[in-house]
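Structure, as structure tokens:
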Amino acid sequence: MSTMQSHQTADDHSAPAASFLAEPEPTEAVEHLYARDLSSQGYVAHLTRLWATSPESLYLMSQALGLAGSMGSLDARQRGLLITAAASAMGDSYCSLVWGGKLAADASDGFATAVIGGDTSALPAADAALVAWARRMAKDPNSTTEADVEDLRRLGFQDQQIFAITLYVALRLAFATVNDTLGAAPDAELLDRVPGAVLGAVGFGRPPAP
């Protein structure tokens, strides 16, 4: 599937609306965010344009996520696993596509689609437990029990890690909630960057922007 090609520069703010909010004024902090996206991925993401409304908020959110990830000794794969599981469970298409695509690259298309669909039957026990925990947090956090925590302990997770994992997922859910509520649709560029299997598995949330 083809998509429009992005030729934006840090000084080009004529792109279609990235969210329900107006494009922020091009301050130094905003331009820094845009330039970072252009350098890392070749286009300015809709979620970056949205959070550019308050670069300080994005910075603090990133710092809190970094702290939780470090405290939980979460590697990149585990972070992707938790984000994809939580985002898909809450019906957030944006993070499901971005992080589902990363999971597919790191593992396989089948692994990524299993996490998106909540099918843990073929996953290693620790992965399955993280997916189940993240999905329960997204859907019904009041349904957790002490037995669920004990299951994580038996798999080798210490109490500080369990707290950190829970905090990490909660922060990612908050991040996705802001994006979804304020209309940040998945970037059209993702249609060419995400495997077809992952695109097919994400049949929920806002569709990619035209």
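The values are calculated or read from the model by the stated rules, or taken from the named source; none is laboratory data. This one's a predicted model, so the numbers in the text were calculated from it and none came from an experiment. In this analysis, Cβ positions are derived from the backbone assuming ideal geometry, glycine residues included, and neighbour counts consider all displayed protein chains. Note: accessible area is taken over every heavy atom of the protein model, side chains too, but ligands, DNA and RNA are not part of it. Shrake-Rupley method; radii C 1.70, N 1.55, O 1.52, S 1.80 Å.
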>> Residue pairs, Cβ under 7 Å, 6 or more apart or interchain, first in the stretch 73-84 and open to solvent by 80 Å² or more (accessible area, probe 1.4 Å), second not in a loop (DSSP other than H, G, I, E, B). List them.
In response: SER73/GLN161; ARG77/ASP106
>> Filter the stretch 41-72 down to the residues that are open to solvent by less than 20 Å² (accessible area, probe 1.4 Å) and polar (S, T, N, Q) and list them by number.
In response: THR48
> Out of all the residues in the stretch 1-37, which are modelled with pLDDT under 50 and among the β-branched types (Val, Ile, Thr)?
Replying inline: THR3, THR9
>> Just the residues that are part of a loop (DSSP other than H, G, I, E, B), over 23 Å from ALA104 (Cα atoms), open to solvent by 50 Å² or more (accessible area, probe 1.4 Å) and modelled with pLDDT of 95 or more, please, taken from the stretch 163-210.
In response: LEU182
>> I'm trying to understand the selection: among the residues of the stretch 57-108, which are touching a Phe, Trp or Tyr at 6+ places or on another chain (Cβ under 8 Å) and on the phi > 0 side of the Ramachandran plot?
In response: GLY91
> Would the stretch 155-162 turn up any residue that is open to solvent by 40 Å² or more (accessible area, probe 1.4 Å), without any contact (Cβ under 8 Å) to a residue 24 or more places away in the chain and assigned to a helix (DSSP H, G or I)?
Replying inline: yes
> Looking only at the stretch 123-154, which residues are among the β-branched types (Val, Ile, Thr) and either without any contact (Cβ under 8 Å) to a residue 40 or more places away in the chain or open to solvent by 40 Å² or more (accessible area, probe 1.4 Å) (or both)?
Replying inline: THR144, THR145, VAL149
>> Checking the structure you have, find out if any residue of the stretch 88-109 is of a type in the set (Phe, Trp, Tyr) and open to solvent by less than 20 Å² (accessible area, probe 1.4 Å).
In response: yes
